[in-house]
Amino acid sequence: MKNIAVNINSSKDPQGKVLKEISSTLYNKFYGCNLLVFKDAKGLGDYNSNDLDLIVSLGGDGTILSTARETYNSQVPILGVNFGHLGFLTQVESQEFSEALDNLILGQYSIEERMMLQCEMLYDGHIRNFVALNDLVLSKGAISRIVKYNIFIDSVHYTSFSADGIITSTPTGSTAYSLSAGGPIIYPTLDLITITPICPHALDIRTTVLASNSVISIEIEKNRERVFLTIDGQEFIELNETKSLKITKAPNKCKLIKIHENNYFEILKEKILLQTKGL
């Protein structure tokens, strides 16, 4: 591998010690490689990542989310290295990094493809597109009243309800905000989309699971209320004049490098289920 990028969450490594160790290991394993370092994904989206052979996401799950969005068009495989708190998406702990690179060199790895979502909407007079690996969330402002949402599936009206918000999620994001709002856990490599209401004012409104080729249109009746779009819990956009959005499966997928054949359900139990029980 000649061209390698590292995207690091600088808040977790303020002294740069972890970055120095990771960079040294990369230089030792891939002698003469061209190593590019990005902090907090700044500039990563502007770089022509098609020239990269590997991206190392150094931090936690949030760092993988930002890395996936910024490199969406390049389809470069991402190796997630965890030294954060949760580490559900990341495959390798920082102390295992050298061994993981040995496996990578020997071809002892696989690439797991995860579907992403695409959101299209009219914003400030222009058609804007956003992608997400976890979820797209519509929510009201902190002191706003509830908002009414009209949901259309493949151009057919499905339902209307008033709620604090709506979570549209990928299977990867099913263990994130959607799970907290009562949504189901979905195996991450499946191609499905879920729509989960946030505190709906109707007891019969529950999560809806859709085929990934569904076209979801959401019309917002906000009556001067403030409504926000949140992308993977990291980007926030106030929808001033925007009255509708179209959400579909994104054309490209996120490619995550798997070094260990970890059992998904063991990781789910350890990182998510036991955590929620306070164990």
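The values are calculated or read from the model by the stated rules, or taken from the named source; none is laboratory data. As the structure is a prediction and not an experimental result, all values here were calculated from the model. Neighbour counts are summed over all protein chains in view; Cβ atoms, including those assigned to glycine, are modelled from backbone coordinates with ideal geometry.
Looking only at residues in the range 73-85 that are surrounded by 15 or more Cβ atoms within 10 Å (Cβ to Cβ) and touching a residue at least 40 places away in the same chain (Cβ under 8 Å), which one is nearest to VAL227 (Cα to Cα)?
GLY84
Being part of a loop (DSSP other than H, G, I, E, B) and within 16 Å of LEU256 (Cβ to Cβ) is the filter here, so list the residues in the range 101-158 that pass it.
GLN108, TYR109, LEU133, ASN134
Kindly indicate which of GLN95, GLN91, GLN108 is surrounded by 22 or more Cβ atoms within 10 Å (Cβ to Cβ) and among the polar types (S, T, N, Q).
GLN91
Looking only at the range 140-178, how many residues end up being of a type in the set (Gly, Ala, Ser) and either out of contact with any Lys or Arg (no Cβ under 9 Å at 6 or more places or on another chain) or over 28 Å from LEU65 (Cα atoms) (or both)?
Start the filter on the range 140-178 by keeping residues that are of a type in the set (Gly, Ala, Ser), which leaves 141-142, 144, 155, 160, 162-163, 165, 169, 173-174, 176, 178.
If we keep only those that are either out of contact with any Lys or Arg (no Cβ under 9 Å at 6 or more places or on another chain) or over 28 Å from LEU65 (Cα atoms) (or both) too, we end up with 144, 155, 160, 162, 169, 173-174, 176, 178.
Qualifying residue count for the region: 9.
Going through SER155, SER144, SER214 one at a time, which residue ends up being over 19 Å from the mean Cα position of the chain (by Cα), under 26 Å from GLN75 (Cβ atoms) and in contact (Cβ under 8 Å) with a residue 24 or more places away in the chain?
From the options SER155, SER144, SER214, the qualifying one is SER214.
If you scan the range 204-253, which residues turn out to be closer than 19 Å to ASN150 by Cβ and hydrophobic (A, V, I, L, M, F, W, C)?
Matches in the range 204-253: ILE205, LEU210, VAL215, ILE216, ILE218, ILE220, VAL227, PHE228, LEU229, LEU239, LEU245, ILE247.
Could you please let me know if GLY45 is of a type in the set (Gly, Ala, Ser) and either under 20 Å from ASN129 (Cα atoms) or surrounded by fewer than 15 Cβ atoms within 10 Å (Cβ to Cβ) (or both)? Write out each step before concluding.
Numbers: of a type in the set (Gly, Ala, Ser): yes; either under 20 Å from ASN129 (Cα atoms) or surrounded by fewer than 15 Cβ atoms within 10 Å (Cβ to Cβ) (or both): yes.
Yes; evaluated as a whole, the condition is true for this residue.
Could you list, in sequence order, the residues of the range 229-251 that are buried (at least 18 other Cβ atoms within 10 Å of the Cβ) and either among the small types (Gly, Ala, Ser) or in contact with a helix residue (DSSP H, G or I) (Cβ under 7 Å, 6 or more places away or on another chain) (or both)?
Hits for the range 229-251 are ASP232, ALA250.
Do you know which of the residues in the range 201-242 that are assigned to a strand (DSSP E or B) and charged (D, E, K, R) is modelled with the lowest pLDDT?
Initially, the range 201-242 is screened for residues assigned to a strand (DSSP E or B), giving 208-211, 216-221, 227-231, 235-238.
So of that shortlist, the ones also charged (D, E, K, R) come out as 219, 221, 235, 238.
On the way: GLU219: 96, GLU221: 90, GLU235: 95, GLU238: 93.
Selected residue: GLU221.
Please determine whether any residue of the range 32-48 is farther than 22 Å from ASP13 by Cβ and in contact (Cβ under 8 Å) with a residue 40 or more places away in the chain. Outline the logic, then answer.
First pass over the range 32-48, keeping only residues farther than 22 Å from ASP13 by Cβ: 32, 46, 48.
Add one more test, that the residue is in contact (Cβ under 8 Å) with a residue 40 or more places away in the chain, and what stays is none.
No, the conditions are met nowhere in the range 32-48.
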